[in-house]
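Read through the structure below, which is laid out as C-alpha cells, and then see the notes.
Rule-based calculations on the coordinates, nothing more; no lab input. Predicted model only: the values in this text are computed from it and were never measured. Neighbour counts run over all protein chains shown; Cβ positions are idealised from the backbone, glycine included.
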Amino acid sequence: MEKQQVIELKGITKIFGRIVANHDCNLSLYNGEILSLLGENGSGKTTLMNALAGIYCPDAGDIYVNGEKVRISSPHDAYKYHIGMVHQHFKLVDTFTAVENVVVGLTKKDYEEIAKKDGTKAQGFNLKASANRITEICNKFGFKLNPWQKVNTMSVSEKQTLEIIKALYRGVDILILDEPTAVLTPQEIEKLFDVLRAMKKDGKSIIIITHKLNEVLEISDRVAVLCKGEVAGDILTENATEKILTEMMVGHKVDLNINRMEIPTTGERLIVQDLSLNGRDGRKVLKNINFTVYGSEILGIAGISGSGQKELLETIAGLNRNTQGTIIFHNPKKEQPVTFFHKNIKQIRELAAQGKFHLKGKKEPLSLVGKTNKEITEMVNKEQIIFYEDEIMNLKGKKPIEIRDLGIKLSFVPEDRLGMGLVGSMDLIDNMMLRSFRKGKGGIVHRNKPAALAKELVDELEIKTPSLHTSVKKLSGGNIQKVLVGREISTRPKVLMVAYPVRGLDINSSYMIYNLINKQKEKGSAVIYVGEDLDVILALCDRVLVLRDGEVAGILNCKDTNKNEIGLLMTKKVEERSEENA
Amino acid sequence: MPELAQKQKVKKVRNPLFHIARRNEVPTWFVFVVKLSFILGALLLCGIISFLVSPITLDEMPEKFISYYIFVVEGTFFNMNTAFSTLWNASLLLIIAAAITPAFKMKFWNIGAEGQVLMGCFGAAIVMKFIAPSIPNFLALILMLVLALIFAAAWAAIPAIFKAFFNTNETLFTLMMNYIAIGLVAAFSLKFKATGSTALGVLNAGTHAGWMPEIFGSSYLIGIFVIINLVVALWFYLKYSKHGYEIAVLNGSVRTAEYVGINVKVVTIRTMILCGAVCGIAGFLLVSGSSHTVSETVVGGRGFTAVMISWLGHFNPLEMVLYSVLNAIITVGSSNAAANLQYSGEVANVLSGLFFLLILTSEFFTNFRIRFNLRQFFKSKNEPPMSEGQTPKAEGGKQ
Amino acid sequence: MFLEIITSSIKFATVFLFGSAGETVTEKSGHLNMGTPGIMCIGAMGSAIGAYIYLSILVKLGIPGQTNAFLAFFFTAFFCLLFAGLAGLLFSFITVTLRCNQNVTGLALTTFGVGLYPFVISFFKKEISLGFSSLSSKYLMHVFPESFYNSNWFTQLFFSYGILVYLAIAVAIGIAIIMKKTRVGLFLRTVGENPAAADAAGISVNRYRYLATIIGSAISGLGGMYYLFDNCSAAFEFVVDSYGWLAVSLVIFTMWNTNIGIAGSFIFAFLYIMPGYLNVPGPEKQIFALIPYFVTVIILVVTSIFNKKLGKAPAGLGQSYFREDR
C-alpha cells in the first residue's frame, strides 16, 4: 500500500502557566503504520497527543488531516476526523455497563455515519443493536468483552479493551494509545500487540505513547522521539537500537543499568504471617499472606494493579483495622542501650521484670526492683541498660500513631502522593512535619526543625522549587516524589515501604530514587518495593513477591527468574476466572 | 479511509475569539486590584438599581443617583450611634463567619451556624428570663454565657458525632438542625410570652438584668471588643496551633490524616464543638448586647450570610473583616436609602445577594486568564478552516 | 377529616415535588444548586409578574375582570418559567463558565431571590393585585368543576386539585423515564458521573450543565408559583424559601429518582400538615411541627448507618469541570 500522510502537526506549542509543555512540535503520521511516540515522563508526549485529540487547545501551530488544515477544539471534533484516543486514565463511567459507555456521546448524526460506513440501516439509540455491533468488532479484531458487564466489575485490561472498542465503534482510523502497557502483564501486552497488528492490517494508523524502549522496538514501524517538549527527531524502527533511542530521548548517554548491591542481609526485620484483610464489601482483599523481609534487603512486590499491593502496605503501616494474622517486627536492639526516646520508666520496669535487659558489661539479667525512678533515669542516661535480644513486637491492629509511639521506625511512601503522602496545598515546610508535628511542647506547632529539614532535602536531592514556601502541588511530579521520599527516609527507617515511587518520573529522577532506595538497603533497612515495571524490579530487588488476587502466588529470587515467569504467576488465576465468566 | 474525511462538508468557521487558561501564580497586587474593582462595581450597581427603582423623579431630586450613597453613609456612619450599630452588625457577621471557618477548612460543610447561634441565644435568654433578675448582673452574664456555650456547642456536636461515626451527610443534618432550633425557640417564646402579646418581647426591660453594660454610651462596645479578640485568636489558632495544623491536613485529604495518625473522628467532633462554642458566644452577645430577647428571627439569616463571607474570605478570619463590614454597610445603608428614596426596604437582601454574586464572580478573574486572539479571530474569517458545526461562541466558552 | 388531611397533604406535597424534581435534574448533571429556595421565590415572583401583566393588559383594554382560563395560566406559568429559568441561567453562568464554587453561589442566589420576591411585589399597584386571588381561585386551584369533584370521596381524592398538581406528577414521571430510558438521559447522567469521560466521548459538558440547570430551575420555580397561586390563594406574605430547603434535602432521600420523589414529597407534606389537625395548644404545636425535620434527620442517620453511602449521588456532584486541568 502506498504511504499516504494522514496527519501532520506543524509547530504545535502549548504552554501551561510558565511551563512550556510543547514547543514548535512537528510530526507526521502515515496510513497503516504504528508510530511510537517515545520520550521521558514529562517530555510532553501526552500533551501533544491531547492537542490532536481535542483535549487541549494548542497556543500555536496547525493540524492537518489528509493535507487539509483543521481545527480540533473538542474530542467530538477529533472523532469527526476519525481520530480517537485511549487515555492513560480511562474515561469511563464506573456505574454504567460497557455498552452504555460505548454509546455515550453518539448523536443521531453519528449513528447515521456509522451505519453508512458499515453499509447498514441507521440505528437510533438502541442498546441491543449497539451491543451486537460491539460483539462484531470484538470478533473482527480478536477482543473479548461482555457488552452488558458493568465497568466497576472489570479488570484493568478489560477496561482498556473497552476504551479501544469505544474508539473503534466510532469508526476511528487513527488511534492514539497513551502508555497502554503500563498496567498490563507481559502476556496481556502480547495480546494487545496482536490486536494492534490486526488493526494495522485493516489500514488503521496507530500512535503509541510510551517510554519503554523494548516495546517500541517490538511493535512500531517508526519512532518519533520527544525531548523536553520538542521533537528530537524520528527514525524507522528497523534502523533504531536502544542506545540510539536513549540518546535521542535524554540528549546524552545514560547508563541504564541499576546496580544491585550484593550485601549480606542482617537478620529478620518484618515477618508477616497469615495476614488477611476484609474489604469494605466483605470480600477478602488479602488472603493468608506469608513472607519475611530481612534487613539490607529489597523485597519487590509485583502483581497486576489492584491485586492487593496497596492494601498490604497500608495494613502493615497500620491503616486498616479489619485484619487477621500477625505482623511481627524485630526491632534491632540486640546489645543496644535502652533510651527514653520511646520508652518511659514504667515500660522499662516492665521489660526488666521480663528479663529483657542486662547491665553493661555483665551477662546476668538486670533487676530494677527496689530502684527509684531517679536511679533508673541516671542509668538510662548513662546508657547502662542493655537489651539482650532484638525487641519483638506485633504490629497487627496498631494504629500509625501507636506504631510510632512504640519507637518503630517504619516509613511508608504511598502511591497516592498528593492524596495521602503529602498535602498539596501546604508548603514544603508544613509537609515536612506531617509525621512529626506533635513534637514539641504546648499547643503551638514548631516550624524550625522542619524548615531546616526542608532546606537540607532541597539541597541534597536537588529539589527544584521557587522557595520553601511554595505549595507542593505546584512542583513537578519528580520533585513532589523527592519531597515525599526524602521526608520518609530522613527518619532513618528500619523498614521502608515504597509504592510505585517512580511513576511519572523522568529518567534522572527515577535513578535518583533507585539510588536512595539502595542507600537505605546499604544502611541495613528492610525495603519493600512495589513497582509495575518488571525490568526495574528484577534489576533492583533481591527477591520478588508476586501477588495475585490478594494471595501470594510465589516468592522468587530475582537472580534466578525472568519476566515471563513473573508474568505467568501474576495472571494464571485471573485468566481461568475470566474464561469461566465468558 | 482518507476519502471519508474529505467527504465531509467544509464549513467556514472562525478561530475562537478567546481562550481561558488557569493562572498559576497570581501576584497579590493583581488580586487586590481585581477585588477592589469588583467591590466598586458592586457599589455602583447598587446605586444604579436604587436610581432605577426609586419613584422619585429627577425633577424632584436632581441628585437622585448620588443621594443613594449619601443615604447609605448617613444610615451607617452618620453619628456615633449609627456607626456603632453598623459595626455591631458587621462584627456579628464576622464572628459567625470566623466560627464556622475551622469546620469549613476541614471540609465539614456546616451550614447550621444559624441554628447554633440561635441555640446560643436560647440558652442566654433562658437565664435572662428565669435567673437573671434574682442575681447580680455580672453573675447573670457569666451564667448566660455558660448556658449559651453549652447549648450551641451541643447543637454543633450532634451532627459532628454522626458525621464522625456514620459519615452522615453534614450539610443536610446541620440545615435540619437550624429548623429544629427555630421550632424550639418558637415554642419557648409562645409558652412564656406575656398574655396578650404574640412574642416573648424584651426581657427585663425595667431592671436591665442580663443586659450588657454600656460603655461610652453604647452597649455594643464590649461585644465588638470581644469579637475582635476572638477573631484574632481564631486566626492564630488556625495558623499556628497543632489543632489548626491537623485541620489543615484534613483539608488536604482524610487519607493523609489517617496516614499520619490523626484521629479524624476526634478532630471532627472537637472542631465542631469549637465552632458551636464560638457561635454560642455570638448568640450570647446578640441577646445581651442588642436584642434582649429571643425569637425565631433574631439571628436573621446571618448564619447563611456568614457561610458566604467565610468562603469569600478564603477561610482567613482577617480577610473576612472586609466583607462583613461591606455587607453590613450595604444592608444597613440600603435600608436607610430605601426609606428616604421611597422604595421597599427588602432591597437590602437583593443588594446583599448581588454583592456576593459579584464578589464571587471576581474569583474567576483571579483564578483564570482570558487570552484574546483578536488577530486570528478576524484573520480566520477569510481562511478556509475545517471544523464543522460548532459556533465560535460555544467553542470559546468551552476552552 | 381524614380525607381532608390526605388531600391537603397532596396539595402541599406539590411544592416539594416541583422543587425536588427540578433540583434532581440539576444534580444529575453534577450541579448542586443550593439556590433552589431562592429560585422558587423567583418563580413565585415571576408568576406574580405574569398575573400582574395579564391583569394590567385587561385593564388597559378596558375589560377588567374578563379573565380567561388559558391566558391566566399561560401568563403566570410563562413568566414563572422565564424568571426561574433566568435565575438558573445566572447560576450556571457563574458556576459553569466562571467556575465559581457552587455552594456559595447557591447561597448568594438564595439571599438574592428571597429578597427579590417581596421587593418586586412591593411595586404592584394594589387595585390590580387584588385580582390575583380571583385568578387563583377561578383557574388555578381546581381543574374540574366543583359539582364534579365534590360528589364523592373518590373524586375528591383524585380530581379536586389544580392543574399544577397533575403537572407536577407528570413532570416527575417524565423525568424518571427520560433519565432511565433515553439517550439524553444517559448523556446527562454521564456528565454528572464523570464529566471528563463525557467530554472525551464528545458530549459538551457545559451545554448539558447549562441546560439541566436552567430546566431544573424552571421546574423548581413552578413550585414557587404553585405555592403562591394555589396553596396560598395568592397571599403574598407567605414566602416559600424554607420549603425550598426541604425540597433540596428531599432529593437525597429519594436517591435522585423522581418517581420515589412523588411518594417522598407526600410523606414530607403529610408530616408537615399533621400538627395543624392535632388538638394541642400553640407551643406544643410548634414542637409537633418539628416532626418533618426530625424524621429527615432520622432518615439521614439510618441510611448512613446501613448504607455507609447515601444512595446514588452522581459521582461528580458539586465539582466544576475544566478540561485543561491536569
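Decide, for the stretch A:333-389, between rounded, prolate and oblate: order the square roots of the alpha carbon gyration tensor eigenvalues as a ≥ b ≥ c, take rounded if a/c falls under 1.5, and otherwise choose prolate if a/b is larger than b/c, else oblate.
Rounded is the answer for the stretch A:333-389, as its axis ratio a/c remains below 1.5.
Could you compute the FRET efficiency for residue B:161 and residue C:306, with r as their C-beta to C-beta distance and R0 at 22 Å, rounded to 0.05?
0.80
Sort chain B into rounded, prolate or oblate with this rule: let a ≥ b ≥ c be the square roots of the eigenvalues of the Cα gyration tensor; rounded if a/c is under 1.5, and if a/c is not under 1.5, prolate when a/b is larger than b/c, oblate otherwise.
oblate
Among C:185, C:221, C:85, which one shows the highest mean-square fluctuation when chain C is modelled as a Gaussian network with alpha-carbon springs under 10 Å?
Evaluated over chain C, the most mobile residue of the options is C:185.
Per DSSP helix of 4 or more residues, -39500 (n - 2.57); summed, then divided by the residues of chain A. What does that give at 222 nm, rounded to the nearest 500?
-10000 deg cm²/dmol
Relative to a virtual label point 7 Å from the Cα of residue A:284 in the Cα→beta-carbon direction, which members of the stretch A:550-571 show backbone nitrogen distances below 17 Å?
Only A:550-554 fall inside the zone, counting backbone N under 17 Å.
Give me the percent relative contact order of the stretch A:325-435, please, defined on Cα pairs under 8 angstrom at least 6 residues apart.
Averaging sequence separation for qualifying contacts and normalising by length gives 35 percent for the stretch A:325-435.
Take every residue in peptide C:293-303, count the Cβ atoms of other chains within 10 Å of its Cβ, and give the average of those counts.
What the average comes to for C:293-303 is 5.
Which of rounded, prolate, oblate describes the protein assembly as shown, given a ≥ b ≥ c as roots of the alpha-carbon gyration tensor eigenvalues and a/c under 1.5 marking rounded, otherwise prolate only if a/b is larger than b/c?
In terms of gyration-tensor shape, oblate.
Which of the lysines could be linked to residue A:363 by a straight reach, that is with a Cα gap under 25 Å, when you skip same-chain ones fewer than 8 residues away?
List returned: A:333, A:334, A:343, A:346, A:371, A:374, A:382.
Quick one: helix B:137-166 against the long Cα principal axis of chain B, what's the angle to the nearest 10°, folded into 0 to 90?
40
Can you give the mean number of other chain Cβ atoms that lie within 10 Å of the Cβ atoms in peptide A:76-86?
So the per-residue partner count for this stretch is 4.
On a straight-distance basis, which lysines could pair with residue A:464 in a cross-link, Cα separation under 19 angstrom, same-chain partners fewer than 8 positions away excluded?
By straight Cα distance, residue A:464 reaches A:228, A:455, A:473, A:474, A:482.
Which residues among the stretch B:52-95 fall inside the zone where the amide N is under 16 Å from a point 7 Å beyond the Cα of residue B:44, along Cα→Cβ?
B:52, B:65-66, B:69
For the ranges C:32-43, A:322-333, A:73-84, A:559-570, what's the packing order if you count other beta-carbon atoms within 10 Å of each residue, average per peptide, and put the highest first?
Answer by packing, highest mean first, reads C:32-43, A:73-84, A:322-333, A:559-570.
Measure off 7 Å from each Cα along the Cα-to-Cβ vector at residue A:438 and residue C:97, then give the distance between these two points in nanometres to one decimal.
With each label point 7 Å from Cα toward Cβ, the separation is 5.2 nm.
Calculate the length of the line joining the C-alpha centroid of the stretch C:13-38 to that of the stretch B:76-92, in whole Å.
Comparing the Cα centres of the stretch C:13-38 and the stretch B:76-92, I get a distance of 38 Å.
If I model a spin label as a point 7 Å beyond the Cα along the Cα-Cβ vector, how far apart are those points for residue C:263 and residue C:71 in nm?
4.5
What length, rounded to one decimal in nm, is gained on full extension from residue A:568 through to residue A:409, with 0.36 nm per residue of separation minus their alpha-carbon distance?
Extra length available between residue A:568 and residue A:409 comes to 53.7 nm.
Between residue B:193 and residue C:242, how high is the FRET efficiency from 1/(1 + (r/R0)^6) when r is the Cβ-Cβ distance and R₀ = 22 Å? Nearest 0.05.
Step by step, r from the Cβ atoms, then E = 0.50.
Mind checking which of B:333, B:252, B:276 has the largest fluctuation in a GNM of chain B, springs on alpha carbons under 10 Å?
Answer for the Gaussian network model of chain B: B:252.
Treating only the Cβ atoms of Lys and Arg (+1) and Asp and Glu (-1) as charged, compute the dipole magnitude of the protein assembly as shown about its Cα centre; round to the nearest 20 debye.
880
Counting only helical runs of four or more DSSP H residues, what would the 222 nm mean residue ellipticity of chain B come to if each run contributes -39,500 (n - 2.57) and the total is spread over all its residues?
-23000 deg cm²/dmol
Determine the shielding of peptide C:278-290 by partner chains: average, over its residues, the number of Cβ atoms on other chains within 10 angstrom of each Cβ.
Taking all residues of C:278-290 together, the mean is 4.
Beyond a 22 Å Cα-Cα separation, which of these cross-linked pairs lie in this structure: A:399/B:265; A:356/A:523; A:144/A:201?
Pairs exceeding 22 Å: A:356/A:523.
Going by average Cβ neighbours within 10 Å, how do the peptides C:65-74, C:233-242, B:94-103 rank, with the highest at the top?
B:94-103, C:233-242, C:65-74
Hey, which lysines would be in cross-link range of residue C:11, C-alpha to C-alpha under 27 Å, not counting anything within fewer than 8 residues on its own chain?
Excluding near neighbours in sequence, the set is C:28, C:138, C:285.
What FRET efficiency would be calculated for the residue pair residue A:117, residue A:555, taking the C-beta separation as r and a Förster radius of 51 Å, to the nearest 0.05?
0.50
Modelled label-to-label distance, residue A:536 and residue B:372, 7 Å Cα→beta-carbon offset: nm?
4.7
Can you tell which of B:36, B:175, B:360 shows the greatest fluctuation in a Gaussian network model of chain B with Cα springs below 10 Å?
Answer for the Gaussian network model of chain B: B:36.
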